[in-house]
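> After the structure tokens below, expect a handful of questions from me.
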Amino acid sequence: MKTLTESRLYLSNELEINIHLADGVEVLIFDEKNILEKVTFWVWAKLTYCGYFSEEDILKKHFLINGGENSCEIYAILSSRGEKIKAQIYGELASSYSYLDMHIVSFVSDLWDIDLDGAVEITSWVEKVEGYLSEENIFLGSTGKVRGIPTLKVHSNDVKAAHACNMQRIPDETLYYLRSRGLPKEDATVLLLQSYIAKIFGKIRENNEDMYNELEEKILAKLR
């Protein structure tokens, strides 16, 4: 198990299967190699996790908030072309006075197949915790498949928790509005996709603008 002791951005090549956050660190992780499987916490640690997965693979991620007064934000984008991604992303709140927010966006186009099992669990005997889960599935074609039901398991009373799942195409009215302002359809679609990417990977942009720009271009090239 690797312990992260410095407050900074960590990239895929610095990760191991199991990661532990030391006391008081503020860590940003960018994961696109599917190496990391489990993160555990000590106390007063803060994690922002950003994952981008675009190849056929099986993903298993477990974020165990088991110290005290921790904060964990999980952001991920799933996309593939003619391949299947099967993802299990599980956040577990097992310590009091802690916070967990999970937001996953799946871009679903023709011939794509995404199977997402997202879950947040709040264990027994914890108090003053917050746990949130949001899944957004954006359809870019007519024959893609996505399966996923967000799961929220709450075993304590003194908590705040919510979960949501949204499936939609890029709204025609939004495209119409942008095209009425002189943008071609393809440019308008790219602009909307950029807004989703910014929402998920905004922390990376704050820390490394060049890295964010390269990542944005990579995602858009996959989606075109």
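> With no solvent and one equal point scatterer per Cα, compute the Debye intensity ratio I(q)/I(0) for region 1-43 at 0.18, 0.22, 0.26 Å⁻¹ and report its log10, rounded to two decimals.
Calculated log10 I(q)/I(0) at the listed q: -0.44, -0.66, -0.91.
> Per residue, what volume in Å³ does the Cα convex hull of the chain take up?
117 Å³
Every read-out reported here was derived from the displayed coordinates using simple, explicitly stated rules and does not represent laboratory data. Just so we're clear, the structure is a prediction, and the values are computed from it rather than from any experiment.
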